[in-house]
Amino acid sequence: MREHFSHVDAWVFDLDNTLYDPSVRLFDQIEEKMRHYICRLLGVDLAEADVLRALYWREHGTTLAGLMAHHEIDPMDFLYDVHALDFSGLSEDPALAAQISALPGRKLVFTNGDAAYARNVLNARGLGDVFEAIYGIEHVDFTPKPQRAAYGRVFEQASVDPAVGAMFEDDVRNLEVPAALGMKTILVHTEAPAHDHIDFRTSNLTHFLSQIVR
């Protein structure tokens with residue numbers, strides 16, 4: 001395993017359902033808040049709000065991007081609202097922190113959430129001091145993954161050469177561009193079928209990283 005990653009000096013991690021297990025169901029809280037936000041915004045019921053939430057996610061990469069495109073909302077108002085969560089379901093993970101810290105090179109977070117929310121999650125997981133930088137949706141002018149421009153902006157800001165990078169994600173579609181750019185791609189915590197643009201997949205990120213750094 002180490003040979004496959006011997007050239008990598010930039011390790012880029014998604015946040016939600018990647019740096020914590022989906023069983024925490026943190027995103028359930030976010031989706032519930034999204035539904036209620038759309039209800040208030042558009043005056044629709046919860047069922048219709050949920051249809052729009054999912055539709056915008058599929059068509060635009062994030063529900064936020066769809067709301068911005070169709071309803072010209074204030075993105076930070078939306079993010080502040082839907083990320084006001086109960087983080088008590090998250091627990092510190094010293095084993096994961098140790099494995100990420102031991103990776104040779106730079107460690108970054110790149111999320112479709114905002115950076116303040118990402119810091120809350122990382123701190124709850126005991127990962128607050130592990131990463132060099134966090135790149136949230138506000139750093140890419142609210143252009144989400146999987147749009148190619150989002151990756152270009154982050155990698156330019158972070159001075160990351162994709163040819164010597166690896167990206168960890170739970171969403172298959174968010175690894176297509178990194179693969180095309182020459183990054184190693186690792187699909188985390190998902191039962192999605194195999195895809196040509198996925199180099200590795202794991203249901204246990206800590207164990208996977210241990211095979212690289214040991």
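The values are calculated or read from the model by the stated rules, or taken from the named source; none is laboratory data. Only a predicted model underlies this, so the values are computations on that prediction, with no experimental measurement involved. For neighbour counting, all protein chains shown are included, and Cβ atoms are generated from backbone atoms with ideal geometry for every residue, glycine included. What goes into the accessible areas is simple: the full protein's heavy atoms, side chains included, and nothing from ligands, DNA or RNA. Shrake-Rupley method; radii C 1.70, N 1.55, O 1.52, S 1.80 Å.
Summary of values
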| item | result |
| --- | --- |
| Verdict on Glu169 being within 17 Å of the chain's Cα centre (by Cα), open to solvent by less than 50 Å² (accessible area, probe 1.4 Å) and farther than 12 Å from Ala10 by Cβ | yes |
| Single unsatisfied condition, Ala194 versus (1) in contact (Cβ under 8 Å) with a residue 12 or more places away in the chain; (2) not in a helix (DSSP H, G or I) | (1) |
| Residue that is most open to solvent (accessible area, probe 1.4 Å) [pool: residues in the stretch 16-29 that are touching a residue at least 12 places away in the same chain (Cβ under 8 Å) and either among the hydroxyl-bearing types (Ser, Thr, Tyr) or assigned to a loop (DSSP other than H, G, I, E, B) (or both)] | Arg25 |
| Residue satisfying all of: in the stretch 86-113; part of a loop (DSSP other than H, G, I, E, B) and among the small types (Gly, Ala, Ser); least open to solvent (accessible area, probe 1.4 Å) among these | Gly113 |
| Residue within the stretch 135-149 that is assigned to a loop (DSSP other than H, G, I, E, B), among the small types (Gly, Ala, Ser) and without any contact (Cβ under 8 Å) to a residue 24 or more places away in the chain present | no |
| Filter pass, Leu64 being closer than 22 Å to Tyr135 by Cβ and in a helix (DSSP H, G or I) | yes |
| Yes/no for Glu32 being surrounded by 14 or more Cβ atoms within 10 Å (Cβ to Cβ), charged (D, E, K, R) and free of Cβ contacts under 8 Å to residues at least 60 places away in the same chain | yes |
| Residue among Val82, Val51 that is of a type in the set (Val, Ile, Thr) and open to solvent by 30 Å² or more (accessible area, probe 1.4 Å) | Val51 |
| Qualifying residues in the stretch 114-141 (those that are out of contact with any helix residue (DSSP H, G or I) (no Cβ under 9 Å at 6 or more places or on another chain) and surrounded by fewer than 21 Cβ atoms within 10 Å (Cβ to Cβ)) - the one nearest to Asp14 (Cα to Cα) | Arg119 |
| Pairs where the first residue, in the stretch 163-181, is in a helix (DSSP H, G or I) and the second is aromatic (Phe, Trp, Tyr), C-beta under 7 Å, 6+ apart | Val177/Tyr151; Pro178/Tyr151 |
| Test: residue in the stretch 174-184 that is touching a strand residue (DSSP E or B) at 6+ places or on another chain (Cβ under 9 Å), of a type in the set (S, T, N, Q) and either surrounded by fewer than 17 Cβ atoms within 10 Å (Cβ to Cβ) or over 21 Å from Arg58 (Cβ atoms) (or both) | no |
| Number of the exception - Thr62 against (1) modelled with pLDDT under 95; (2) surrounded by fewer than 18 Cβ atoms within 10 Å (Cβ to Cβ) | (2) |
| Failed item in (1) open to solvent by 30 Å² or more (accessible area, probe 1.4 Å); (2) over 25 Å from His189 (Cβ atoms), with Glu3 passing the rest | (2) |
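Every residue, every condition in (1) of a type in the set (A, V, I, L, M, F, W, C); (2) within 15 Å of the chain's Cα centre (by Cα); (3) closer than 27 Å to Asn120 by Cβ, yes or no:
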site: Ile137; (1), (2), (3): yes, yes, yes
site: Ala158; (1), (2), (3): yes, no, yes
site: Pro162; (1), (2), (3): no, no, no
site: Leu175; (1), (2), (3): yes, yes, yes
site: Leu187; (1), (2), (3): yes, yes, yes
site: His207; (1), (2), (3): no, no, yes
